[in-house]
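Undergrad: Here it is, the structure, as structure tokens.
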Amino acid sequence: MVKQGMTRACAMTACLLAATTAASAQAAEPSHGMRVTEALAFDKTFEDGIMICHEKMARYDLDSAIKTNPQLLGGIQRGEPEFAEAEAAYNAMMASYCDYDQAEAKAAFAHALEDSLLPADAEALVAFYATELGQRFVKATQAANIASNRVTEPRVESEQSTAIFGEKIAALVARRAPPAGQERVVGAARALPSADAAVALSDRIMQFIVAGNPAEGFDLALPHALVTKAQMDDFNKQVKTHQDTWGARFGKSTGYELLRNDTMGDSLIRTIFLHRFDEHAIVWYFVWYRGTQGWVLSRFVFVEDSTKLFE
């Protein structure tokens, strides 16, 4: 009797174990979306994309970046004791731009396939990718993705994007009524977030100056400058008076060039441009100050005497 009870108990246990094993196997079986994802070699394609991202980040030259923005590493320059550690921090920052969650991306990819494909569709695709042609197609797609990612670059550089953004915001701000009595309100200047943005806006203003439309360029500067609308209008009139004579005196305008960005500490930048003509050049200075809110245009001036550059 005892033996029979033990046999029945063991039989019951075996049934439970069998049921549990079947349920576990069913739960562990991947969804039809995940099966297609695996057949497409998602992990390899994702890792190839990360590889290309690191390749692109490695092309950013730190020394060139420091020349454009001397405060990039807080003023630390190559050769100083802290440079190696600062460079490592910069490289870690660039590498972090490629640090994506692969598992999360894979799950989202599979879920999207589940929403778009019927289980029968998925089975047919998995069967195709298991064929010789299917495997060649997967490998060809991976190679094509690598080639595409390597040549894909933004149409607009970040500095230019910043300048365009600043231009659009400046146009909106210019529509607002000026303060009563045209008095400048302390704190009203809209500070730019970085030195790069300040230099980019200076360059954008120069494009208008060289095109013969300085007033439009300084309309962009007004929201960020320590002047009133009336003062800016007076400056534009002054520029217009001189501009009317430049063609007759110096010949045709032939473009401009950025001569240098001078820095004083971490709070002052002086951007110097040369407006070139056939027989002479006008020097333009833009002085930016970094206050508590960011960078504001504290002074802008032009001089016809280019020998001032040698002083």
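The values are calculated or read from the model by the stated rules, or taken from the named source; none is laboratory data. These numbers come from a predicted model, not from an experiment. Ideal geometry is used to build each Cβ from the backbone, glycine not excepted, and the neighbour counts take in all protein chains shown. Heads up: the accessible areas ignore ligands, DNA and RNA and are worked out on the full protein's heavy atoms, side chains in. Shrake-Rupley method; radii C 1.70, N 1.55, O 1.52, S 1.80 Å.
Undergrad: What distance in nm separates the two pseudo spin-label positions at ARG59 and VAL138, each 7 Å out from Cα along the beta-carbon direction?
TA: Here the modelled spin labels are 3.0 nm apart.
Undergrad: For the range 83-88, in order, what is each residue's ³J(HN,Hα) by Karplus, 6.51 cos²θ - 1.76 cosθ + 1.60 with θ = phi - 60°, in whole Hz (x at glycine and Pro)?
TA: Rounded to whole hertz, the list is 5, 4, 5, 5, 5, 5.
Undergrad: Which FRET efficiency, nearest 0.05, do SER194 and LEU117 yield, Cβ-Cβ r, R0 45 Å?
TA: Values: r = 46 Å, r/R0 = 1.02.
Step by step, r from the Cβ atoms, then E = 0.45.
Undergrad: Same structure again: Given the Cα-Cα distance of GLN77 and THR131 and 0.36 nm per residue of separation, how much length would full extension add, in nm?
TA: 13.7 nm
Undergrad: What is the set of long-range amide H partners of PHE277 at a cut-off below 5 Å, with H atoms built 1.01 Å from backbone N?
TA: Those lying under 5 Å, H to H, from PHE277 are THR254, ILE282.
Undergrad: Of GLU114, GLU38, which has the most accessible area with a 1.4 Å probe, and how do the rest follow in descending order?
TA: On the way: GLU114 60, GLU38 100 Å².
From most exposed to least exposed: GLU38, GLU114.
Undergrad: Here is a further query. So how many Å³ per residue does the convex hull of the Cα atoms of the range 206-311 work out to?
TA: On the way: hull volume 10.4 nm³, N = 106.
Normalising the Cα hull of the range 206-311 by residue number yields 98 Å³.
Undergrad: Sticking with this structure for a sec: Taking 7 Å along the Cα-to-C-beta vector as the label spot, tell me the VAL301-ARG260 distance in nanometres, rounded to one decimal.
TA: If labels sit at VAL301 and ARG260, their model points lie 1.8 nm apart.
Undergrad: Given the pairs LYS240/LYS308; LYS67/LYS252; LYS106/LYS139; LYS252/LYS308; LYS67/LYS308, which span a C-alpha to C-alpha distance of over 28 angstrom in this model? Walk me through the numbers before you get to the answer.
TA: On the way: LYS240/LYS308 22 Å; LYS67/LYS252 32 Å; LYS106/LYS139 18 Å; LYS252/LYS308 22 Å; LYS67/LYS308 23 Å.
Table pairs above 28 Å Cα-Cα are LYS67/LYS252.
Undergrad: A follow-up question, please. Starting from the Cα-Cα distance between VAL239 and ASP43, subtract it from 0.36 nm times their residue separation and give me the gain in nm to one decimal.
TA: Details: separation 196, 0.36 × 196 = 70.56 nm, distance 6.05 nm.
So the chain would gain 64.5 nm between VAL239 and ASP43.
Undergrad: For the range 62-133, max minus min Cα coordinate along each principal axis, in Å, sorted largest first?
TA: 64, 27, 20
Undergrad: Taking the simple approach of a point 7 Å from Cα along Cα-to-Cβ for both ARG155 and ALA215, what is their distance in nm?
TA: Computed distance between label sites ARG155 and ALA215 equals 3.2 nm.
Undergrad: Here's a follow-up. For PHE302, PHE310, give the ranking by accessible area with the largest first, probe 1.4 Å. Intermediate results must be reported in sequence, preceding the final value.
TA: Working: PHE302 20, PHE310 180 Å².
Sorted descending by solvent-accessible area, the residues read PHE310, PHE302.
Undergrad: On to the next question. Report the extension gain between LYS67 and LEU268 in nm, rounded to one decimal, defined as 0.36 nm multiplied by the number of residues separating them, less their alpha carbon distance.
TA: Working: separation 201, 0.36 × 201 = 72.36 nm, distance 1.53 nm.
Gain on stretching LYS67 to LEU268: 70.8 nm.
Undergrad: As an exercise, take the mean of 1/r over every pair of distinct alpha carbons in the range 216-272, invert it, and state the Kirkwood radius in angstroms.
TA: Details: mean 1/r = 0.0716 Å⁻¹.
With all distinct Cα pairs of the range 216-272 included, I get 14.0 Å.
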